[in-house]
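Participant: If you scroll down you'll find the structure; I have some questions about it.
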Amino acid sequence: MTLLSVKNLDVSFHVDGRIIEAAKNVSFDIKAGETLAIVGESGSGKSVTALSIPKLLPYPMARHAKASEIWYDGQNIMPYGEVLMRGIRGSEVGYIFQEPMTALNPLHKIGKQVSEAYRLHHPRASKKEIMTRIEDVFEDVGLSDLMTRLNAYPHQLSGGQRQRIVIAMALINRPRLLIADEPTTALDVVVQKRILEELAELKEKHNLALLLISHDLTLVEKVADKVIVMKEGEVVEKGSIKTIFKSPKHEYTQHLLNAQPKGKAQKIKNSNAVLSVEKVSVSYKTGSTWAFGKQKENTVLQPMSFDLKKGETIGIIGESGSGKSSLAYAITRLTNSKGRVLLNGKDFSSADKKALKKMRGDLQIVFQDPFGSLSPRLSASEIIGEGLAIHMPHLKRAERDTKIIEAMQSVRLDPTDRHRYPHEFSGGQRQRISLARALVLEPDVMILDEPTSALDLSVQADVVDILQNLQKEKQISYLFISHDLRVVRALAHRLIVLKDGNVVEIGEAAKIMAAPKNEYTKLLIDAAGLNKP
């Protein structure tokens, strides 16, 4: 039986006298127990289409054409007002939002947030009944161990736990339709695999209809029954998962399927180390800060050592909490650490303020979230040129502008856009601004912390191509931190595998990918699907 039927859906936004068409004539059906995936690049209309179903768009700025219909369980809910929609949202239709840290309120405990939807739809429910329902839904999503931590706040949980909390919130009222908008974005491959398995089990257990929004075609192929491909607000192709993946007809679908990070790490000459990490470790103290209080030292990164050669890429992989980012912050002195870091033979870890300022230009870092690391008050030109003002204050304004333009061109950004602000760029463009900000100083070493997570596959492949070309031209050394093993495989010469702060395997990337020796490395490669022919 068809549970949801979307017919001739049009979505437009009316902003400052302009009309922006976000979705045009979109139609599809979903049956109970079926998974339909909507795929496409950023701006294709995926999320706008999904948000139209529970009517979560910013009305009246967002509008639908008169011919648009959304049929749920035999009823056209398009004319429904806010009061009627409240009876459907959360109870009949559950929504898993893309970014759990944004979807969760940082000021409220997780127990309160998970139970909120149930309380709204069951105002007479007893405390015992609510706790029983929380226990049931936590068991469904693999969070039984968190029943003793209902008073924890979102920031006290891992990324995978937060994502499961968001899923639990969407499922607590046992909805019949679950909309999952990029449910595994920016999660490591092992957690991603677990969540996908849990969603599949829940779908079968409760006969859920699942609408999956994703740019990750590898993920879609694993879980979906049917797929529709969207481009610029329109459906360009639809069909069964087998038909679309084996014989795509539309050139855009073919483009998406072929947009995988390509190439392999280029050979490097025997060269000296530009970065030497010697027994670097990171620990945090927890507990009372009172004079007589007890504090416990928690080591998140055990002592580790390695050398990074000129023009070389070392990939750092591992699950969330394995110590990848702690290593990056320790090397760049953004967190306290023990051990020694040498940059071009000079002691970077113990350099004084004056010496450190001179050395920082040779060691740059690109953060995971470009929107969070770019100041919304500065234009792209000001962001990219900020480092020049600090490290090359002697440059004249015209000389500085020339370097900014060259940096933007090197990452395939249009220099005429340099006076625009971060919110005016797409996610892929913002990540390129972050790259340009690092590259403008012509560093010897770049630390890339998840630079391609949450990017469309085509944009991801483009960023990888840019990094490969820059390394070939300028012999930059990369320390590439990622959970995406496909990207790592295309870039890395050597690989370091971290688990719980310990190095479990280190060696040539190609050999480890082909024949991992450690069971944990095998688990990561299997979860990423790299062991398939």
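The values are calculated or read from the model by the stated rules, or taken from the named source; none is laboratory data. These figures come from a predicted structure and were not determined experimentally. When we count neighbours, we look across all protein chains shown, and the Cβ atoms used for this are built from the backbone with ideal geometry, even at glycine. Just so you know, the surface numbers come from the protein's heavy atoms only, side chains and all, with ligands and any DNA or RNA stripped out. Shrake-Rupley method; radii C 1.70, N 1.55, O 1.52, S 1.80 Å.
Participant: At a Förster distance of 56 Å, what's the computed FRET efficiency of Ala510 paired with Lys128, Cβ-Cβ distance as r, to 0.05?
Facilitator: 0.45
Participant: Enumerate the amide H contacts of Glu505 below 5 Å, restricted to partners 5 or more residues apart or on another chain; note that Pro and chain-start residues carry no placed amide H.
Facilitator: Under 5 Å from the amide H of Glu505: Val497.
Participant: Eight or more residues apart or on different chains, and alpha-carbon atoms under 22 Å: count the Lys pairs in segment 39-159 matching that.
Facilitator: Lysine pair count for segment 39-159: 7.
Participant: Where the accessible area of segment 77-147 is counted over protein heavy atoms with a 1.4 Å probe, how much of it, in %, is carbon and sulfur?
Facilitator: Carbon and sulfur atoms account for 54 percent of the accessible area of segment 77-147.
Participant: Turning to a different aspect of this structure: Classify segment 188-326 as rounded, prolate or oblate from the Cα gyration tensor: take a ≥ b ≥ c as the square roots of its eigenvalues, call it rounded if a/c is under 1.5, otherwise prolate when a/b beats b/c and oblate if not.
Facilitator: oblate
Participant: Would you work out which of Ile241, Asn76, Ile110 lies farthest towards the positive end of the dipole of the chain, given +1 charges on the beta-carbon of Lys and Arg and -1 on that of Asp and Glu, about the Cα centre?
Facilitator: Going by the Cα projections, it comes out as Ile110.
Participant: Between Lys285 and Ala389, with labels modelled 7 Å along Cα→Cβ, what's the label distance in nm to one decimal, could you check?
Facilitator: Result: 3.7 nm between the two label points.
Participant: Using only Cα atoms, tell me the angle between helix 519-528 and the longest principal axis of the chain; keep it within 0 to 90° and round to the nearest 10.
Facilitator: Computed tilt is about 50 degrees.
Participant: Counting only heavy atoms of protein chains, what accessible area per residue, in Å², does segment 244-327 have with a probe of 1.4 Å?
Facilitator: Heavy-atom accessible area per residue stands at 61 Å².
Participant: Another question about this same structure. Would you mind computing, in nm to one decimal, how far apart the modelled labels at Ser320 and Asp136 are, each placed 7 Å from Cα along Cα→Cβ?
Facilitator: About 2.7 nm, to one decimal.
Participant: What's the center-to-center distance, using Cα atoms, between segment 124-151 and segment 234-250 in Å?
Facilitator: 41 Å
Participant: Enumerate the amide H contacts of Glu237 below 5 Å, restricted to partners 5 or more residues apart or on another chain; note that Pro and chain-start residues carry no placed amide H.
Facilitator: Amide H neighbours of Glu237: Val229.
Participant: Then there's this: Need one word for segment 399-471: rounded, prolate or oblate. Basis is the Cα gyration tensor (sqrt eigenvalues a ≥ b ≥ c); a/c below 1.5 gives rounded, then a/b vs b/c decides.
Facilitator: oblate
Participant: Using the alpha-carbon centroid of each, what span in Å lies between segment 51-102 and segment 159-227?
Facilitator: 19 Å
Participant: For the chain, what is the mean residue ellipticity at 222 nm derived from helices alone (per DSSP H run of n ≥ 4: -39500 (n - 2.57); sum divided by total residues; nearest 500 deg cm²/dmol)?
Facilitator: Taken over the chain, the calculation gives -10500 deg cm²/dmol.
Participant: Using the Cβ atoms and a cut-off under 15 Å, what net charge is assigned to the surroundings of Gly74, where Lys and Arg are +1 and Asp and Glu are -1?
Facilitator: Value of the local net charge: -1.
Participant: Follow-up question, since we're still on this one. Relative to the longest principal axis of the C-alpha atoms of the chain, give the angle of the C-alpha long axis of helix 159-171, reported between 0 and 90° and rounded to the nearest 10°.
Facilitator: Once rounded, one gets 10 degrees.
Participant: Please give the contour-minus-distance gain from Phe13 to Asp73: 0.36 nm per residue of separation, less the Cα-Cα distance, rounded to one decimal in nm.
Facilitator: Full-extension gain reported as 18.8 nm.
Participant: Past the 28 Å Cα-Cα mark, which pairs from Lys309/Lys499; Lys309/Lys358; Lys193/Lys511; Lys203/Lys511?
Facilitator: Over 28 Å apart, Cα to Cα: Lys203/Lys511.
Participant: Could I ask something else about it? Which pairs break 18 Å Cα to Cα here: Lys269/Lys474; Lys346/Lys396; Lys279/Lys310?
Facilitator: Lys346/Lys396; Lys279/Lys310
Participant: I need the shape label for segment 1-90. Rule: rounded when a/c is under 1.5, else prolate if a/b > b/c, else oblate, with a, b, c from the alpha carbon gyration tensor.
Facilitator: Here segment 1-90 falls in the oblate category.
Participant: Tell me, how many Å apart are the Cα centres for segment 383-448 and for segment 450-516?
Facilitator: Cα centres, segment 383-448 to segment 450-516: 23 Å.
Participant: Please give the net charge around Lys7, taking every other residue with its beta carbon less than 10 angstrom from that of Lys7, where Lys and Arg add +1 and Asp and Glu add -1.
Facilitator: So the surrounding residues net to -2.
Participant: Moving on. Each residue of segment 242-259 in turn: what ³J(HN,Hα) in whole Hz from Karplus with 6.51, -1.76, 1.60 and θ = phi - 60°, glycine and Pro shown as x?
Facilitator: 5, 5, 5, 7, 8, 9, x, 9, 7, 5, 5, 4, 4, 4, 5, 5, 8, 7
Participant: Right, next: Computed FRET efficiency, Cβ-Cβ of Arg174 and Asn270, R0 60 Å: what is it to the nearest 0.05?
Facilitator: Efficiency, from the Cβ-Cβ distance: 0.45.
Participant: Would you tally the net charge around Gln368, using a Cβ to Cβ cut-off of less than 9 Å, leaving Gln368 out, and scoring K and R as +1, D and E as -1?
Facilitator: Residues close to Gln368 contribute a combined charge of -3.
Participant: Can you list residues whose amide H is under 5 Å from Lys31's amide H, if they're 5+ apart or on another chain and H is modeled 1.01 Å from N?
Facilitator: Under 5 Å from the amide H of Lys31: Leu3.
Participant: So what is the accessible area of segment 424-512 per residue, in Å², with the probe set to 1.4 Å?
Facilitator: On a per-residue basis, segment 424-512 sits at 30 Å².
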